[in-house]
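Asks: Let me give you the structure first, and then I'll get to my questions.
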Amino acid sequence: MKIAITLILYILAFVWGCSRLTGRGSKLQRLWFGCILAWCVYVNICGITETPHFNIATVYTAFFQPAGRVIIEWLGG
């Protein structure tokens, strides 16, 4: 039930937001708006169902932290 309500609210937000985006370049703005809302839906539903999900912190933890440790060791720290 929570997922259905969440999807309905995001759809309403998308329709309302797209109606507010008018003028030159509005198609590209609508595309970006849709992508951002799709990402929000993904993260929100993963939070509701308590499933692991991919986010910016995952990239940092997987790649940049180990690289930083290697550089610190290389510099003698």
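The values are calculated or read from the model by the stated rules, or taken from the named source; none is laboratory data. Since this is a predicted model, take the numbers as computed values, not measurements. In this analysis, Cβ positions are derived from the backbone assuming ideal geometry, glycine residues included, and neighbour counts consider all displayed protein chains. The area values use the complete protein model at the heavy-atom level, side chains included, leaving out ligands, DNA and RNA. Shrake-Rupley method; radii C 1.70, N 1.55, O 1.52, S 1.80 Å.
Asks: State which residue is most open to solvent (accessible area, probe 1.4 Å) when the search covers only region 21-77 and only residues that are over 23 Å from Leu7 (Cβ atoms) and among the aromatic types (Phe, Trp, Tyr).
Replies: Restricting to residues being over 23 Å from Leu7 (Cβ atoms) and among the aromatic types (Phe, Trp, Tyr), the top hit is Trp74.
Asks: Now, a different point. Checking Ile3 against (1) in contact (Cβ under 8 Å) with a residue 40 or more places away in the chain; (2) loosely packed, with under 10 Cβ neighbours inside 10 Å, only one condition comes out false. Which one?
Replies: (2)
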